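The values are calculated or read from the model by the stated rules, or taken from the named source; none is laboratory data. Please read all numbers here as calculations on a predicted model, not as lab measurements. Neighbour counts are summed over all protein chains in view; Cβ atoms, including those assigned to glycine, are modelled from backbone coordinates with ideal geometry.
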Ligand SMILES: [Zn+2]
């Protein structure tokens, strides 16, 4: 930064410098008649300290220490496998379009404004992360601990790791989910690998009888998509129950709570986000605003509850369509203010469905904890906050003509949006137990 500033300033004051040099030459008073050297012939020092960071299958970041120069370094040339690749005005270069499982060599050379070039730096070898194997993985133990470990690795706000899927990628994602729902596991495995996603057949040996789950997740240590974590029961006990948590980092403990409720009930499917809702700086085109990421503004593309161009949405669509009796229970959390209830529930609309799961879940929760207070959108119609009407999964499940921008006007009753205050339900396992048991008695 400092070097660049100096170069810019140098350009502006070059004339003045030349005059000063001339004065210096005259005032030396030695009668020296040698011609004035007005050209910079001194090359910058060779760049050192070349390192690589954040290596993935296809990207990596090169960094090095600034070279020094009598006038100033103008830029650096990056050489890949001995050939010129690109130049950078900073001591940093982001590599992309690399091949997974490949080894590359890099060198950096500095140049000043006069075109004097340093020698090439020492060679740095960079090995990209290998492509994951298109093979079903196996693991066993407690699915809850296994998932909690994945949840703990989820990146936070502003880290910009989330990559939006393209439309063709979403079509392929849809076929991965269809294959999983159809128990065509090997087909799902071979299609998921293109997204850096692997499927693990997980046997939960702590459940009686033991249960087999298929976990669809990005396993690479250097993840590149963050499209969510998806789990399907091979032989669900509650085959209509789908548990979802799209804000596992922002809505404290909702990821753990969702996994806990899913396992205890052996539900059909569990859908979790795998990046903070504010992970990306890019905004979703879908309607609604939030102050979750700072000042009030559009939802981010990493906010999976408010973006139709996502694997989370696609998974919801696939399940909604293939399994018409499923009900999606989406767990959220909110900061309880004065006058707020403990639970705000909604089916995504203010309409009353034929089977009122929100009311059933309320009654079941009250049996576990009679002190809980509630607001339900279609019952307490004067209540207007946190009703989840902009939730794009809810809009789809309730047949909105455009889930990204139009709230649903009728309800299928298959989407239940649950906002929970922290103390009684989200704080610890005793709270998660209430929700888990309530879902168990309703479904
Ligand atoms: Zn939320």
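In this structure, does residue 317 turn out to be outside any strand (DSSP E or B) and touching a helix residue (DSSP H, G or I) at 6+ places or on another chain (Cβ under 7 Å)?
Yes, satisfied.
Report, by residue number, each residue of segment 329-357 that is within 27 Å of residue 260 (Cα to Cα) and over 30 Å from the mean Cα position of the chain (by Cα).
Residues satisfying the conditions are 340, 341, 355, 356, 357.
Can you tell me how many residues within segment 381-430 are within 23 Å of residue 360 (Cβ to Cβ) and in contact with a strand residue (DSSP E or B) (Cβ under 8 Å, 6 or more places away or on another chain)?
Qualifying residue count, segment 381-430: 22.
Every residue, every condition in (1) within 14 Å of the ligand (Cβ to nearest atom); (2) under 18 Å from residue 268 (Cβ atoms), yes or no:
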residue	(1), (2)
295	no, no
299	yes, no
312	yes, yes
322	no, yes
329	yes, yes
332	yes, no
339	no, no
343	yes, no
346	yes, no
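Among what's in segment 257-276 and is within 13 Å of the ligand (Cβ to nearest atom) and in a loop (DSSP other than H, G, I, E, B), pick the residue that is surrounded by the most Cβ atoms within 10 Å (Cβ to Cβ).
Restricting to residues being within 13 Å of the ligand (Cβ to nearest atom) and in a loop (DSSP other than H, G, I, E, B), the top hit is 273.
Can you name the condition, by its number, that residue 295 falls short on among (1) free of Cβ contacts under 8 Å to residues at least 60 places away in the same chain; (2) in contact with a strand residue (DSSP E or B) (Cβ under 7 Å, 6 or more places away or on another chain); (3) in a loop (DSSP other than H, G, I, E, B)?
Exception for residue 295: condition (2).
If the requirement is being surrounded by fewer than 16 Cβ atoms within 10 Å (Cβ to Cβ) and in the same structural domain as residue 331 (by TED's automatic domain parsing), which of these qualifies: 436, 371? Show your work before the answer.
Working: 436 fails: surrounded by fewer than 16 Cβ atoms within 10 Å (Cβ to Cβ).
From the options 436, 371, the qualifying one is 371.
Mind checking which residues of segment 227-256 are assigned to a loop (DSSP other than H, G, I, E, B) and either within 16 Å of the ligand (Cβ to nearest atom) or not assigned by TED's automatic domain parsing to the domain that holds residue 149 (or both)?
228, 246, 247, 248, 249, 250, 251, 252, 253
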